[in-house]
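One structure below.
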Amino acid sequence: MLNYVLRRLNLFIITLLILTLIGYNIVRLDPLSIYNKFELWEGWIQYLRQLKQYDLGIAANGTPITESLERVIPATLELCFFAFLIALVIGIPFGILAGIRRGSVADVFISSGTLLTFSMPIFWMALLMIMVFSLYLGWLPVSGRYNLLFEIPQVTGFALVDIIYSNHPQRSQAIEDIIRHLIMPTLVLAVAPTTEIITLLRDSVSDVMHQNYIKVAATKGLSKSEIVMRHVLKNALPPIIPKFGTQISTMMTFAIITESIFNWPGIGTWLLDALSFQDFIAVQAGVLTVGSVVLLANIFSDLVGAAISPLTRKKWYALK
C-alpha cells in the first residue's frame, strides 16, 4: 500500500513540476514579464519560489490572481459536483442493467441511446436546451448563476451552501432560484461522464456475470437481485473507480464550453476572458489551477480504487 501511494505521489510531483514549467513559459509570452530577463532555468526557479508563497501575480485589471481564483473556482467546482452526481445517479443503474442483460432489447436501447447522446456536440445540446426550456417554454433562466437581486453572502464560495446556512430573509426563494440556474448547465455537463460511466460499468458488469463465483451463487438459490448486490457490484465497481478521475478531467474541459454558453461565472469563463485580453498572467494561473485539480482528482480516484480493489491488494502483497 505504502509503495503504491509513494509511486503515485512521485508521479504527481513530477507532473506538477512539468505543469509549472508550462505555466512559466506562458508568463514569458508577456513582453513586460520580469522573467524575460532571466535565463530559462534560472527564471523557472524564481517562478517556483513565487508559487511557493501562493503568489500567482496580478491580473491585467489590477486584481490579485488569488482573489479572482477564490471567486471563480468554487463556481466551477459546484457545477462539476452536481454534474458528476447526476452522472452517477443515472449512469450506475443503467450501466448495471445493460451489463446484466447484455444482448437484450434493454441493452440495445441503452447502448444506442448512450452512443447517440455522446455523439451530440455539447454546444449544440446547450443551445437547444436554452431555446426550448428558456426561450420557448420560459421554465428556466437563460444564463447566470443566480438572480443578482439576491445578495448572497460569500462564505465558502458555493452559492447553494452559502444560502442554505445564511439568515437571508428570502432564503427559500434564493435556493429555488439557484437550483433553477443549475439545472441546464449541470445536465449538459453531465452528458459525457454519464455515457462513459454507462459504457464502463456495462462492460465490467458483463465480465463479472460470466465468472464462476456468480454461477455458484446462482446454484445456491440466490435471487438475481441478491447476486447483483452481494457479488456483482462488489466486483464490478472497483475496477472502474480509477477511471472516474479521467471523467473529472473531461468535465473540467467541457466546463469551459458550458460556462461560456450559460455565462456561468467560473474559471472557464474567466480563462476565456483572460485569453481575449491576452492576460498571460491570468492564463498561466488558470492553467496551473485546472491542471492541479485534474491531477488531484486522478490521484484520489486511483488511491480509492486501489484501496477497495482485491486485484490491486494482491499486487501489493506480491511486491512485498
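The values are calculated or read from the model by the stated rules, or taken from the named source; none is laboratory data. All of these numbers come straight from a predicted model, not from anything done at the bench. No Cβ is skipped: glycine too gets one built from the backbone with ideal geometry, and neighbour counts run over all protein chains shown. Just the protein is used for accessible areas: all its heavy atoms, side chains included, with ligands, DNA and RNA removed. Shrake-Rupley method; radii C 1.70, N 1.55, O 1.52, S 1.80 Å.
Over the chain, with a Gaussian network built from C-alpha contacts below 10 Å, which listed residue (Ala60, Ala285, Ala83) shows the highest mean-square fluctuation?
Fluctuation is largest for Ala60.
At a Förster radius of 30 Å, what calculated FRET efficiency corresponds to the Cβ-Cβ distance of Thr15 and Gln173, to the nearest 0.05?
Numbers: r = 45 Å, r/R0 = 1.49.
So, using R0 = 30 Å, E works out to roughly 0.10.
What helices does the chain have that are whole DSSP H segments, at least 24 Å long along their own axis by Cα, and with mean Kyte-Doolittle hydropathy of 1.6 or more? Before the final figure, lay out the partial values.
Details: long enough: 2-27 (37 Å, 1.55); 65-100 (50 Å, 1.72); 171-209 (48 Å, 0.66); 244-262 (25 Å, 1.06); 280-308 (42 Å, 1.88).
Sorted by number, the helices that extend far enough and score high enough are 65-100, 280-308.
Longest span of the chain, sites excluded, free of GluC sites (Glu not before Pro) in DSSP loop with at most 15 other C-beta atoms within 10 Å? Please report the intermediate quantities before stating the final value.
Values: sites that count: Glu39, Glu151.
Value returned for the longest uninterrupted segment is 152-320.
In segment 246-289, what chymotrypsin sites (Phe, Trp or Tyr not before Pro) fall in a loop by DSSP, with at most 14 other Cβ atoms inside 10 Å? Mind showing how you got there, number by number?
Working: sites: Phe254, Phe262, Trp270, Phe277, Phe280; in loops: Phe277.
In loop regions of segment 246-289 (DSSP not H, G, I, E or B), the sparsely surrounded chymotrypsin sites (Phe, Trp or Tyr not before Pro) are Phe277.
Please find the FRET efficiency linking Arg71 to Asn212, where r is the Cβ-Cβ separation and R0 is fixed at 56 Å, and quote it to the nearest 0.05. Can you show the working numbers first?
Details: r = 55 Å, r/R0 = 0.99.
Given R0 = 56 Å and the Cβ-Cβ separation, E is 0.50.
What number comes out for accessible area per residue over the chain if the probe is 1.4 Å? Units Å², please. Each step should come with its number before you reach the end.
Details: 17820 Å² over 320 residues.
Computed with neighbouring chains in place, this is 56 Å² per residue.
Return, ordered by residue number, the residues of segment 51-90 whose backbone nitrogen is under 17 Å from a label point located 7 Å along Cα→Cβ of Thr250.
Correct set: 80-90.
Tally up the carbon and sulfur contribution to the accessible surface of the chain as a whole percent, 1.4 Å probe, everything protein left in place.
On the way: 11940 of 17820 Å².
Accessible surface attributable to carbon and sulfur in the chain totals 67 percent.
Using 0.36 nm per residue of separation minus the Cα-Cα distance, give me the extension gain between Leu127 and Met229 in nm, one decimal.
On the way: separation 102, 0.36 × 102 = 36.72 nm, distance 3.97 nm.
The span from Leu127 to Met229 would gain 32.7 nm if fully extended.
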